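Down below is the structure, laid out as structure tokens.
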Amino acid sequence: MAKTQIFYAPKGTYDILPSDQKYWERINKIVRELAVFYGFERIDTPIFEEASLFSRGLGLTSEVVDKQMYVFKTRGGDELTLRPEGTAPIVRAYIERGMSVFPQPLKLYYSGPMFRHENPQKGRFRQFYQWGLEVFGEKDAVADAQVIHTSFQVFKELGISGFNIQVNSIGCKKCRPRFRDVLNNHYHSFLKRLCPDCKRRFKENIFRLFDCKNENCIALKQTAPQVIEYLCDECHNHFKYVLEFLDEVNLPYLLNPYLFRGLDYYSQTVFEFWPENEVIPGNFALGGGGRYNYLVETLGGKPTPAVGGAFGFERAIEIMRAQKIKVADSKPKIKVFLAQLGILAKRRCLKLMEEFRQAGITVAESFGRDSIKAQMRVADRLGAEWVLILGQKEALDGTIILREMSSGSQEVIPQEKVIQIVKKRLAAKG
Ligand code: AMP
């Protein structure tokens with residue numbers, strides 16, 4: 001006989017079990033509440049998109065496009081990819097759906113799975129979940145500050161502490177080329193001391209040298225020129241206003257002159273949220289984002305200033321667990337249990353359950369169990385205050401037994417009044 005095959009979730013993926021759902025629900029709830037309060041509307045885009053949307057939007061030399069995309073050919077010959085991030089698809093939707101004629105700024109938020117072919121480890125998966133915010137049509141620094149502030153509040157509302165916000169400005173098309181030249185000159189004399197990856201980065205995208213974890217490269221970075229000194233007046237003032245707004249709302253930010261973020265689409269403000277202690281070995285950012293004033297145009301739309309940020313669920317949950325943050329189960333408390341005996345009663349109970357649902361009363365059952373004793377044990381385990389018992393006799397004469405669990409007292413009541421009576425009893429107990 002053939003051996004039975006056992007299946008496993010693909011490497012880097014995991015199941016969100018019922019007992020873990022509360023974390024996901026909590027993050028989604030807080031993101032929704034805060035986003036809606038600050039005027040963001042929800043958008044959902046497809047899980048897969050044309051692969052070139054990302055190579056054009058994020059840049060061919062970005063790590064995500066270069067190494068991490070799940071690309072596949074369809075039967076029709078299209079080259080698609082599982083989305084590795086949320087911004088490019090939303091920009092695609094913004095252009096395709098003509099959202100530039102909506103009142104601006106247009107503020108959107110999202111939440112859902114992303115896919116990157118990375119080496120899985122704690123805090124790094126191949127299918128992971130992100131939520132994010134995007135603001136279109138606003139060039140004022142207040143939009144940058146609002147994205148950072150709203151995101152910060154999400155973490156605060158989740159009860160997470162011990163993290164900081166790192167910010168930088170990476171300039172615009174006008175001023176960045178000059179800084180690139182200065183950086184080129186600086187690194188040119190140290191080329192031999194760079195790690196092999198950085199030698200490649202030097203040629204392809206010099207700003208990515210700043211992301212290297214190699215000790216030598218980190219030491220060289222500390223002596224590198226700082227972008228802030230090369231910003232044009234417009235970028236300089238924009239950054240000054242961002243920081244003033246952050247000061248106004250008392251956000252604990254740090255200036256990180258070497259923060260560039262690996263994607264081509266950023267300009268001016270970039271930011272990342274970092275845990276202060278290494279909760280996850282290797283220490284990972286909780287999220288980040290920035291301004292992307294050229295992306296709408298790069299993807300075929302009208303020039304539109306924009307800013308946004310994206311944050312991961314898994315790392316936030318890891319920290320919530322490490323910081324022992326209690327998350328209540330969103331399951332409704334069971335107060336009423338419906339027990340049955342006999343096929344006629346079971347049928348009647350199915351209908352009764354629906355009547356309770358429509359009356360807004362949560363009722364539990366264990367219809368698969370036939371013995372009343374076993375059903376009472378379940379009711380007890382669930383902490384039900386009242387048990388309704390429908391036997392063969394009651395099903396026939398239109399009554400039902402109402403038992404109070406604490407006292408054990410029972411009474412027989414008419415079935416047609418059961419909802420009304422239970423409602424009253426629940427109200428009386430408060
Ligand atoms: P990024 O788009 O790379 O800036 O990522 C933003 C945030 O998404 C990160 O700070 C993480 O919280 C989360 N994230 C990104 N990649 C992964 C991954 N492979 N596994 C888990 N979370 C991730």
Odd one out for residue 354, checked against (1) open to solvent by less than 80 Å² (accessible area, probe 1.4 Å); (2) in a helix (DSSP H, G or I); (3) touching a residue at least 12 places away in the same chain (Cβ under 8 Å)
(3)
Among the residues of the range 402-430, how many are closer than 17 Å to residue 351 by Cα and open to solvent by 30 Å² or more (accessible area, probe 1.4 Å)?
5
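Looking at the range 168-199, which of its residues are of a type in the set (D, E, K, R) and either at positive phi or open to solvent by 50 Å² or more (accessible area, probe 1.4 Å) (or both)? Break it down into steps so the answer makes sense when it comes.
As a first pass, look at the range 168-199 and keep what is of a type in the set (D, E, K, R): 173-174, 176, 178, 180-181, 192-193, 197, 199.
The answer is 173, 174, 178, 180, 181, 192, 193, 197, 199.
So, residue 268, is that one touching a His at 6+ places or on another chain (Cβ under 6 Å) and either open to solvent by less than 60 Å² (accessible area, probe 1.4 Å) or within 26 Å of residue 20 (Cβ to Cβ) (or both) or not?
On the way: touching a His at 6+ places or on another chain (Cβ under 6 Å): yes; either open to solvent by less than 60 Å² (accessible area, probe 1.4 Å) or within 26 Å of residue 20 (Cβ to Cβ) (or both): yes.
Yes, satisfied.
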Of all residues being farther than 30 Å from residue 282 by Cα and surrounded by 13 or more Cβ atoms within 10 Å (Cβ to Cβ) in the range 318-338, which is nearest to the chain's Cα centre (by Cα)? Just the residue, please.
334
Kindly provide the set of residues from the range 38-57 that are open to solvent by less than 30 Å² (accessible area, probe 1.4 Å), farther than 21 Å from residue 262 by Cβ and either touching a Lys or Arg at 6+ places or on another chain (Cβ under 8 Å) or within 16 Å of the ligand (Cβ to nearest atom) (or both), ordered by number.
40, 45
Could you please let me know if residue 301 is within 12 Å of the ligand (Cβ to nearest atom) and either out of contact with any Cys (no Cβ under 8 Å at 6 or more places or on another chain) or acidic (Asp, Glu) (or both)?
no
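Given the residues 199, 174, 203, 213, which is the only one that is part of a loop (DSSP other than H, G, I, E, B) and farther than 26 Å from residue 287 by Cα?
On the way: 199 fails: part of a loop (DSSP other than H, G, I, E, B); 203 fails: part of a loop (DSSP other than H, G, I, E, B); 213 fails: farther than 26 Å from residue 287 by Cα.
Only one candidate passes the filter, namely 174.
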Taking the range 87-114 and the residues there that are β-branched (Val, Ile, Thr) and out of contact with any Asp or Glu (no Cβ under 7 Å at 6 or more places or on another chain), the one that is nearest to the ligand (Cβ to nearest atom) would be 91
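Specify which of the listed residues (379, 384) is within 39 Å of the chain's Cα centre (by Cα), small (Gly, Ala, Ser) and farther than 17 Å from residue 425 by Cα. Talk me through it step by step, then tell me what you get.
Values: 384 fails: farther than 17 Å from residue 425 by Cα.
Of the residues listed, the single one that is within 39 Å of the chain's Cα centre (by Cα), small (Gly, Ala, Ser) and farther than 17 Å from residue 425 by Cα is 379.
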Across (1) open to solvent by 30 Å² or more (accessible area, probe 1.4 Å); (2) within 14 Å of the ligand (Cβ to nearest atom); (3) of a type in the set (Val, Ile, Thr), residue 249 clears everything bar (2)
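For the structure I just gave you, tell me whether residue 117 is within 16 Å of the ligand (Cβ to nearest atom) and either assigned to a helix (DSSP H, G or I) or open to solvent by 40 Å² or more (accessible area, probe 1.4 Å) (or both). Lay out the reasoning, then the answer.
Numbers: within 16 Å of the ligand (Cβ to nearest atom): yes; either assigned to a helix (DSSP H, G or I) or open to solvent by 40 Å² or more (accessible area, probe 1.4 Å) (or both): yes.
Against the criterion (within 16 Å of the ligand (Cβ to nearest atom) and either assigned to a helix (DSSP H, G or I) or open to solvent by 40 Å² or more (accessible area, probe 1.4 Å) (or both)), residue 117 qualifies.
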For a quick check of your reading of the model, give me the residue pairs whose first member lies in the range 408-419 and is over 16 Å from residue 393 (Cβ atoms) and at pLDDT below 95, whose second is small (Gly, Ala, Ser) and open to solvent by 40 Å² or more (accessible area, probe 1.4 Å), with beta-carbon atoms closer than 8 Å and at least 6 apart or on different chains.
none
Which one of these does residue 60 not meet: (1) part of a loop (DSSP other than H, G, I, E, B); (2) modelled with pLDDT of 95 or more; (3) open to solvent by 30 Å² or more (accessible area, probe 1.4 Å)?
(2)
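State whether one or more residues within the range 370-382 are in a loop (DSSP other than H, G, I, E, B) and open to solvent by 30 Å² or more (accessible area, probe 1.4 Å).
Of the residues in the range 370-382, the ones in a loop (DSSP other than H, G, I, E, B) are 370-371.
When the remaining residues are screened for being open to solvent by 30 Å² or more (accessible area, probe 1.4 Å), the result is 370-371.
Yes, because at least one residue in the range 370-382 is in a loop (DSSP other than H, G, I, E, B) and open to solvent by 30 Å² or more (accessible area, probe 1.4 Å).
A quick yes/no check of all residues on (1) closer than 27 Å to residue 38 by Cβ; (2) within 16 Å of the ligand (Cβ to nearest atom); (3) surrounded by fewer than 17 Cβ atoms within 10 Å (Cβ to Cβ); (4) at pLDDT below 95:
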| residue | (1), (2), (3), (4) |
| --- | --- |
| 254 | yes, no, yes, no |
| 261 | yes, yes, no, yes |
| 272 | yes, yes, no, no |
| 275 | yes, yes, no, yes |
| 286 | yes, yes, no, no |
| 316 | yes, yes, no, no |
| 340 | no, no, no, no |
Pairs with Cβ under 7 Å, 6+ apart, first in the range 266-289 and under 19 Å from residue 207 (Cα atoms), second open to solvent by 50 Å² or more (accessible area, probe 1.4 Å):
267/294; 270/261; 285/274; 288/261
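Regarding residue 292, is this residue surrounded by fewer than 22 Cβ atoms within 10 Å (Cβ to Cβ) and at pLDDT 95 or above? Quick ask: steps written out before the conclusion?
Working: surrounded by fewer than 22 Cβ atoms within 10 Å (Cβ to Cβ): no; at pLDDT 95 or above: yes.
No, not satisfied.
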Name every residue in the range 125-149 that is open to solvent by less than 10 Å² (accessible area, probe 1.4 Å), part of a helix (DSSP H, G or I) and not aliphatic (A, V, I, L, M), in order of residue number.
144
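The values are calculated or read from the model by the stated rules, or taken from the named source; none is laboratory data. Predicted model, so just to flag it, every value in this text is computed and none were measured. All Cβ positions, even for glycine, are placed from backbone atoms using ideal geometry, and neighbour counts span all protein chains on display. What goes into the accessible areas is simple: the full protein's heavy atoms, side chains included, and nothing from ligands, DNA or RNA. Shrake-Rupley method; radii C 1.70, N 1.55, O 1.52, S 1.80 Å.
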